[in-house]
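Report on the structure given below.
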Amino acid sequence: MNLMSSKATRYSANQAMFVVVTVLVAVVPFMLGGNRPAAWAASAAMLYFSLAIYFAVLAAAGIDTRKRLTDEKLLSTLFVLFLGYVVAQTLPVATWLPPSLVRLPVPVATSSISLTPADTFFAFLRWITYAALFFITMQIGARRPRAASFILTLYFVTVFHALYAAVLFFEFGDTILLFIPKWAYQGYMTGGFVNRNSFATFLAIGCSIGTALICEHVFSQSADRSTARRPQSMPKLILIIAGLFILVSCLIGTGSRMGFFAGICGMLSIIALSVAKARFRWKKRAIAGSGLLVLGSIALLLGLYGAQLFERLLEANEDAHVRLRFYEQVLGMVAYRPFTGYGGSSFEFAYPLFHGMQVNSDTVWEKTHNSYFALWTDYGIIFGSLPIALFVILAHRLISKYAQSARVDAPVAASIGTLIVASLHSLVDFSLEIQGVALIFVAVVGAGIAFPNNADPKGESDNGA
């Protein structure tokens, strides 16, 4: 098979994976946010079956992938180390370790490091699903036109979910999955998710993507011809702006305080980065003016629909006292077993062993409400810090990539905004532990990391596949 035919095959294969990822990211949130074992198993099966076909097609064509694992040695090494420990937690090795490493306040009959090996296996399944998705989205994002289309598609996926949430809330009596009554968070928009905060993070990521698309358009319109990209059509821009209004309206409708704050921070960061990229004063004013228009619109939406959000802001002080006492007990758990953790997804079963009277007992604390603490309680401080290290590396890579470019690239800017949204909301909640949110997070960041810089000619042409 000649080289052109092989590249055409790879191009078609990558386009097919574009569709697979889009379907996955769009469908999983309908499954109660993807926070169910059936969703985890279905997602893993879909991705790995698609990957098997993808590699078989490329092998038959005699051509390699656009991006290889060897290109990301540091990320791959850290992630493999982390996965290895997750597997080790499920094995019967606890009796081989010093008792001080696996001690518990009360005796528990378990031969593994994890208190619940089955739940830790499901955690492993989710982690390898995210790894496969990251690899696939890197192939998608390695070509500029395809990455731009992919980010735009993900944006409209989030807008569709916002519209779906509005329909459920206003037309179906605040239900979940059309005719099924909610069992939690009545009076707040949740869409296909159970938890309003997780849905808020999902919408906030969409807000970051929309802001990046708008800033890219404004920058391209005002850029020199030598650096200008083909501007998006006006109808498409109008759709993007309308979608952003819908997203912000529904974000306010979730009543999520930190979700709204994280979303605003993500949007403002992208606007600030775009202004910094502009070389001429009038160009800075154009982008800054667009940002002010967005913020003014958000203020208007808050005035019209933000009553519930303001009510929750008034309750923030009381809620903070409860949360801080809870965090004290969670950190006590980490200190009690700092090196091994209690097993992936085992917090719900480990916390009752430490639950003191300082925290109300009429609430079931299934999550740590802080994804950083969750990693440390589940996997220990050493191995639990590996995903955080990956997070920091990705952030550094994206910021460096953005700084090196002569223009505003929406896939990269959206990835930075997405990281800001996720990192902030993870301080007080568990949105990234919900698969419907984690999938779109990985998809956006994976495409942004792989997005080629200005010097890569293969990233622009169709021949690059």
* To do: Please go through the range 354-394 and pick out each residue that is part of a helix (DSSP H, G or I) and either under 20 Å from Leu324 (Cβ atoms) or modelled with pLDDT under 90 (or both).
  => Ser371, Tyr372, Phe373, Ala374, Leu375, Trp376, Thr377
* Residues of the range 236-255 satisfying the condition of being modelled with pLDDT of 90 or more and outside any helix (DSSP H, G or I) -> Thr254
* To do: Say whether the condition of being in a loop (DSSP other than H, G, I, E, B), surrounded by fewer than 16 Cβ atoms within 10 Å (Cβ to Cβ) and either modelled with pLDDT under 95 or of a type in the set (D, E, K, R) (or both) is met by at least one residue in the range 131-147.
  => no
* Asked: Which one is surrounded by the fewest Cβ atoms within 10 Å (Cβ to Cβ), of the residues in the range 395-414 that are over 25 Å from Leu244 (Cβ atoms) and within 18 Å of the chain's Cα centre (by Cα)?
  -> His396
* **Inter-residue pairs, beta-carbon under 9 Å, first over 11 Å from Leu32 (Cβ atoms) and in the range 170-187, second open to solvent by 80 Å² or more (accessible area, probe 1.4 Å) and not aromatic (Phe, Trp, Tyr), 6+ apart** => Gly173/Pro181; Asp174/Pro181; Asp174/Gln186; Thr175/Pro181
* Structure fact -> Of the residues in the range 105-127, those that are in a loop (DSSP other than H, G, I, E, B) and under 19 Å from Gly384 (Cα atoms) come to Ser112, Ile113, Ser114, Leu115, Thr116
* To do: Of the conditions (1) surrounded by fewer than 19 Cβ atoms within 10 Å (Cβ to Cβ); (2) closer than 30 Å to Ser274 by Cβ; (3) modelled with pLDDT of 90 or more, Phe349 clears all except one; give me its number.
  => (2)
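Look at Leu24 and say whether it is at pLDDT 90 or above, in contact with a Pro (Cβ under 9 Å, 6 or more places away or on another chain) and of a type outside the set (Ser, Thr, Tyr). Explain how you work it out, then say what you get.
Working: at pLDDT 90 or above: yes; in contact with a Pro (Cβ under 9 Å, 6 or more places away or on another chain): no; of a type outside the set (Ser, Thr, Tyr): yes.
Considered against the rule, which asks whether it is at pLDDT 90 or above, in contact with a Pro (Cβ under 9 Å, 6 or more places away or on another chain) and of a type outside the set (Ser, Thr, Tyr), Leu24 comes out as no.
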* To do: Could you look through the range 240-255, keep only residues that are in contact (Cβ under 8 Å) with a residue 60 or more places away in the chain and open to solvent by 10 Å² or more (accessible area, probe 1.4 Å), and pick out the one that is nearest to Tyr185 (Cα to Cα)?
  => Gly253
* Asked: Name the residues in the range 256-279 that are of a type in the set (S, T, N, Q), buried (at least 24 other Cβ atoms within 10 Å of the Cβ) and assigned to a helix (DSSP H, G or I), would you?
  -> Ser274
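The values are calculated or read from the model by the stated rules, or taken from the named source; none is laboratory data. Nothing here was measured: the structure is a model prediction, and the numbers come from that model. FYI the Cβ positions are ideal-geometry reconstructions off the backbone, even for glycines, and counts take in every protein chain you see. Accessible surface is based on the protein model in full, side chains and every heavy atom, while ligands, DNA and RNA are left aside. Shrake-Rupley method; radii C 1.70, N 1.55, O 1.52, S 1.80 Å.
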